[in-house]
Amino acid sequence: MTEMLLKYFREQQKQVETERIYNTQCPYCSMQCKMQLVEQTHVKRKTYKTIGRDNPTSQGRLCIKGMNAHQHPLHKDRIQYPLLKVNGEFVKISWREALDYIKEHVTEIQEKNGADALGVYGSASITNEEAYLLGKFARVALKTKYIDYNGRLCMSAAASAASKTFGMDRGFTNSLQEIPFTECIMLAGTNIAECQPTIMPYFEKAKENGAFIIAIDPRETGTTKIADLHLKLKPGSDAALANGILKVIIEENYLDERFLQERVNGFEEVMQYVVSLEFSVIEEITGVPLEKMYQAARMFGQRETGMIFTARGVEQQTDGSAAVQNFLNILLSVGKIGKPRCGYGAITGQGNGQGAREHGQKADQLPGYRSIENHEHRMYIADVWNIEEKDLPRKGVSAYEMIEKIHDGEIKGLFLVCSNPTVSNPNANFVKKAFKKLEFLVVADMFESETAKLANLILPASSYLEDEGTMTNVEGRVTLREASFPRHGEIKHDWEILCEIAKVLGKEEYFSFSSAEEIFNELRIASKGGIADYSGITYERLRAEKGILWPCRSLTDKGTERLFETRFAHSDGKAMMVPVSNQAIVPKAKITKKYPLYLTTGRVVSHYLTGVQTRKSASLSARNFESFMEIHPSTAKKYEISNQELVQIESSYGRIVVRSKFSEGIRPDTVFVPFHWADSQNVNNLVSEKLDPACKMPGFKVSAVNISPSVKRSSY
Ligand code: SF4
């Protein structure tokens, strides 16, 4: 019987009646791999598969997430109609009713409490057009200063460090094509093997070509496996480790003195500070043996070319911005930037982590990476938007600080787009309480996420298969994401939703767009002359050229492959080095008798962010259906914990229960928990609310915890 059934299905499979191909890009990480959805209609059913498409960045590759990325948009749980909460239950309503509901509540809240009583919380997974429009929507339609986005929790430290050091922030200073030919690579706090798997071949190729690879991470990962040297530092000690490496570079004179003299400010101060530090203290802080620091510094200093990459491991700390600056100090001290096969890369996490931080979703920002507090910038954007400069709100506060304002009752209503902040923010128990206090929460999303469940109104938003627009990938390459899959029910694109709300609020004249391309054309004008200048980029060019690296200042400008070849972006053309302390100004969690272990967090290959999308994919969900705690067996023995046992993890902020997973590759003083799960498995329940003062990044990467078996065993 089974044989017969199998034969029947095989026959069915063969009988493809029609086939349709939809071009698009993976919705997940910053590689933005080009892909095709293949829809085959058989006799009685449709089947789908996703395949890679050639392009300059991912070169046709897809990882396991990309290969299964069609599963969540096709999932039966997609929200297809506006849903209003009535007596604790969501009921289907029409768009007309939804828009009337929004108008009534926006008007009432703002009349009673002022414009700033409403906030907007955006996302780094939406298109450039939508990120741009969301910034405009907050400032022009709602007239509120309170807008920020979930990229604050991901990219703000690297962005702040690059802006301070180089005068501008484009994630990669070079295109990926240069990586295979560099001679020394430092991968600091990045697990690209799980987070951006299709970037790995660039590094593997470099290794084949003889590059020496240094990995910096408290645990062994798929990424550290390709390293020649692994510096297994204590969580949170990256800034000090960079000082140790710098001290060797100075001591053994690997400095590029001409470069430092001609192109850099601040080196003398850095040198004076670094030479005053004791190696023994740095060893104690980092837990990295001195000889390994010497080896790293010698390899990076002696090789002709080299590149440094940082990611969340360095950045998600209360001194993340300074720690990245210190890695940039290393790069500048040896003059390995602004020339072939030398440079820096901040490996962005979210799909549009780069573009979404450039065009006005941030609390202090206007499009084109302009500042909302700069008079000239305000005048320019006010002119583009056809409003008075005085009507443009001033800067607001960061994502987590907005949540504090919600908790304090200052912000009473919130528009949330494509994000799940009650799970992704630190101190998650507090965040959930704050969201429950909102009088008015409107969420545009594809699914009922943990945060959407708290909403008064959910608006059905389109997916990457349906929503055309541009995305700026990890390199800073602007790409056009085609998307022509038909929408079901009454799903709308985020930009359409914003335009329709603006219309009922009487602001139609500023939001009369009928396509993503029209919004992009306004964004081009708004970014013109700014740091992130997209003015020379058009949809037509993106189709023909398969992506353009910004800045691109005119229609004849080819874009910018390599930055800083002749000057940095500060007004004097020089880069800026500053001394970085071994210790953060905002102290990190310290291990104590009560909380004797470090906790650090990160990702697994089969999930993305809080898992709202990837858990809807059967193939991805099955690979990691629950969270876990990675622990060294010797530590587990001390706490009487067995492998695959439920364990309680407790910090001074909360408690979670996850299953143990033994690994010889993690430091014995550290446990690791991924951040893709909610509720009793949400590791952010354990994380402190303290923020990096420079960029307001929370300190996700270092907490102090205690652990115990979840179920007390009776003695045998
Ligand atoms: Fe590519 Fe990232 Fe998608 Fe994997 S998750 S297919 S690496 S874009």
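In table form, for the structure just shown:
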quantity: Lone qualifier among 260, 246, 233, 241 - being modelled with pLDDT of 95 or more and either in a loop (DSSP other than H, G, I, E, B) or among the acidic types (Asp, Glu) (or both); calculated: 233
quantity: Members of segment 618-640 found to be open to solvent by less than 30 Å² (accessible area, probe 1.4 Å) and touching a helix residue (DSSP H, G or I) at 6+ places or on another chain (Cβ under 8 Å), listed by number; calculated: 620, 621, 627
quantity: Residue match in segment 159-176 (condition: within 16 Å of the ligand (Cβ to nearest atom), assigned to a helix (DSSP H, G or I) and touching a residue at least 24 places away in the same chain (Cβ under 8 Å)); calculated: yes
quantity: Where residue 77 falls short, out of the listed (1) open to solvent by 20 Å² or more (accessible area, probe 1.4 Å); (2) more than 11 Å from the ligand (Cβ to nearest atom); (3) out of contact with any Lys or Arg (no Cβ under 8 Å at 6 or more places or on another chain); calculated: (3)
quantity: Matching residues, segment 189-206, being within 11 Å of the ligand (Cβ to nearest atom) and not in a helix (DSSP H, G or I); calculated: 196
quantity: Matching entry among 566, 538 (being surrounded by fewer than 18 Cβ atoms within 10 Å (Cβ to Cβ) and of a type in the set (Val, Ile, Thr)); calculated: 566
quantity: Odd one out for residue 65 among (1) of a type in the set (Lys, Arg); (2) within 16 Å of the ligand (Cβ to nearest atom); (3) part of a loop (DSSP other than H, G, I, E, B); calculated: (3)
quantity: Sole exception among (1) more than 9 Å from the ligand (Cβ to nearest atom); (2) under 24 Å from residue 547 (Cβ atoms); (3) touching a residue at least 24 places away in the same chain (Cβ under 8 Å); (4) open to solvent by less than 40 Å² (accessible area, probe 1.4 Å) for residue 38, by number; calculated: (3)
quantity: So residue 119, is it more than 16 Å from the ligand (Cβ to nearest atom), in contact with a Leu (Cβ under 7 Å, 6 or more places away or on another chain) and in contact (Cβ under 8 Å) with a residue 60 or more places away in the chain; calculated: yes
quantity: Options 224, 144, 173, 127: the member that is touching a strand residue (DSSP E or B) at 6+ places or on another chain (Cβ under 8 Å), modelled with pLDDT of 95 or more, open to solvent by 10 Å² or more (accessible area, probe 1.4 Å) and not small (Gly, Ala, Ser); calculated: 224
quantity: Residue within segment 420-433 that is touching a helix residue (DSSP H, G or I) at 6+ places or on another chain (Cβ under 8 Å), open to solvent by 20 Å² or more (accessible area, probe 1.4 Å), more than 30 Å from residue 539 (Cβ to Cβ) and aromatic (Phe, Trp, Tyr) present; calculated: yes
quantity: Any chance residue 579 is in contact (Cβ under 8 Å) with a residue 24 or more places away in the chain and either acidic (Asp, Glu) or over 29 Å from residue 222 (Cβ atoms) (or both); calculated: yes
quantity: Selected residue [of a type in the set (Val, Ile, Thr), more than 16 Å from the ligand (Cβ to nearest atom) and either in contact with a His (Cβ under 7 Å, 6 or more places away or on another chain) or at pLDDT below 95 (or both)] from 50, 2; calculated: 2
quantity: Whichever residue in segment 535-563 is assigned to a loop (DSSP other than H, G, I, E, B) and of a type in the set (Val, Ile, Thr) and, among such residues, is nearest to residue 171 (Cα to Cα); calculated: 560
quantity: Inter-residue pairs, beta-carbon under 9 Å, first of a type in the set (Asp, Glu) and in segment 17-30, second more than 7 Å from the ligand (Cβ to nearest atom), 6+ apart; calculated: 17/40; 17/41; 17/42; 17/43; 19/38; 19/39; 19/40; 19/41
quantity: Any hit, segment 132-155, residues being touching a Ser or Thr at 6+ places or on another chain (Cβ under 8 Å) and basic (Lys, Arg); calculated: yes
quantity: Checklist (1) crowded, with 23+ Cβ neighbours inside 10 Å; (2) touching a Gly at 6+ places or on another chain (Cβ under 7 Å) applied to residue 159, failing item; calculated: (2)
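The values are calculated or read from the model by the stated rules, or taken from the named source; none is laboratory data. Every value quoted in this text rests on a predicted model; they were computed, and no experiment measured them. Backbone-built Cβ (ideal geometry, glycine too); neighbour counts: all protein chains shown. We work out accessible area using only protein heavy atoms, side chains counted, and drop any ligands, DNA or RNA first. Shrake-Rupley method; radii C 1.70, N 1.55, O 1.52, S 1.80 Å.
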